[in-house]
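To start, the structure itself, in structure tokens.
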Amino acid sequence: MNYYNEIKNELINNEINRKVKKYAINKSDLDTYYKVGKILSEAGKHYGEGVIKQYSIRLTSELGKGYTETNLKYFRQFYLFLKSHTLCDELSWSHYRILLSIDDDNEIDYYVLICRQQNLSVRKLQERIKSNEFKRLPSNTRNKIINKINSNVVDFVKNPIIIKNNNDYEVISEKILQRLILENIETFLEELGNGFTFIKSEYPIKLGKRYNYIDLLLFNIEYNCYVVVELKVTELRKEHIGQIQVYMNYVDENLRKNNQDKTIGLIICKQDNKYVIKYCSDDKIISREYKLV
């Protein structure tokens, strides 16, 4: 079998498709690189690893740039990855090229998922990977991804939540923390997961004759529920649980519609306290640490 000619023909056909059917460029690229990767894998078994370098030199000479030894190895890696994973043709080859540099297949699956759900650009994907987003997911969430178990509204809230300290504040109060979040509200919502929308900061609620203020009131469109966020610049304390429970109950009784799920409570604190959360009877309350960058 002439493996080289097979590879060359696949690449030439792809170049024709790119010129004639621009709307199908991405699908053509992915299909072609998968097929080339498969042929390279078979050729390597017969002729050894060095055949990729030989083919790269010949292809570059005959077809031009774009067929370096590194690129051909990515094609083969792409084929090997797709032997046990489903192709997402909503992602471009540039997306996959970045993802294939990750060693953990489960981590790749996660980024494929959020690219599809949130229509991430290549630049956005790079930012998410650089922030170690997958590694900041709770361990039970990672297990759900691996075992393909349905997730809930709090599963993708990162820990720690990264908050940009654009003004390099050295002393952080709850008001300053709130200000930093509001200055980068879109980035903050992305840290929480998918479907979160901002309603209001310092949301007023009247308890008896006194007003109290929810630090941040959000709504999750995907899970159809309100989310109460309280900010703490200390270690998590048991009184924080009591406070957010009151706010959640108020929202449930006064804002929540009959067709909406019960309110979620998120406490963002300087330092978590696993014992406080362990003995909290309300599983709709979660805590996450924050990290200023």
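Among the listed pairs LYS148/LYS262; LYS35/LYS65; LYS45/LYS148, which are separated by more than 27 Å between their Cα atoms?
LYS45/LYS148
With θ set to phi - 60° and the Karplus curve 6.51 cos²θ - 1.76 cosθ + 1.60, what are the ³J(HN,Hα) couplings of segment 202-209 in order, to the nearest whole Hz, using x for Gly and Pro?
6, 5, x, 10, 9, 10, x, 9
Any idea what the relative contact order of segment 203-270 is, in percent, if you count C-alpha pairs under 8 Å spaced at least 6 apart?
Over segment 203-270, the number comes to 34 percent.
What value in Å³ per residue do you get for the convex hull of the alpha-carbon atoms in segment 4-94?
Spread over its residues, the Cα hull of segment 4-94 gives 87 Å³ apiece.
If I build a Gaussian network model for the chain, linking alpha-carbon pairs within less than 10 angstrom, which residue out of SER173, SER61, SER131 has the largest mean-square fluctuation?
In this elastic network of the chain, the residue with the biggest mean-square fluctuation among SER173, SER61, SER131 is SER61.
Out of segment 1-107, which trypsin sites (Lys or Arg not before Pro) are coil in DSSP terms and have no more than 11 other C-beta atoms within 10 Å?
When the trypsin sites (Lys or Arg not before Pro) of segment 1-107 are filtered for loop state and at most 11 Cβ neighbours within 10 Å, LYS21, LYS65, LYS83 remain.
Restricting attention to segment 212-261, which trypsin sites (Lys or Arg not before Pro) occupy a DSSP loop and are surrounded by at most 15 other Cβ atoms within 10 Å?
Passing sites in segment 212-261 are ARG237, LYS257.
Please identify every one of the GluC sites (Glu not before Pro) in segment 239-293 that sits in a loop by DSSP and has no more than 14 other beta carbons within 10 Å of its own beta carbon.
Nothing satisfies the criteria.
Which one of LEU120, THR86, THR141 has its Cα pushed farthest toward the positive end of the charge dipole of segment 69-141, where Lys and Arg give +1 and Asp and Glu give -1 at the Cβ?
The one lying farthest along the dipole's positive direction is LEU120.
Taking 45 Å as R0, compute the FRET efficiency from the Cβ-Cβ separation of LYS278 and THR197 and round it to 0.05.
Efficiency, from the Cβ-Cβ distance: 0.90.
Taking a spot 7 Å from the Cα of GLU222 along the direction of its beta carbon, which residues of segment 97-126 have an amide N less than 14 Å from it?
110-120
Counting only protein heavy atoms and using a 1.4 Å probe, what share of the accessible area of segment 246-293 belongs to carbon plus sulfur, as a whole percent?
42 percent
The values are calculated or read from the model by the stated rules, or taken from the named source; none is laboratory data. Just so it is clear, the model here is predicted, and its values are computed rather than measured. Note that we place each Cβ from the backbone using ideal geometry, even for glycine, and neighbour counts take in every protein chain shown. Only protein heavy atoms, including side chains, enter the accessible area calculation; ligands, DNA and RNA are left aside. Shrake-Rupley method; radii C 1.70, N 1.55, O 1.52, S 1.80 Å.
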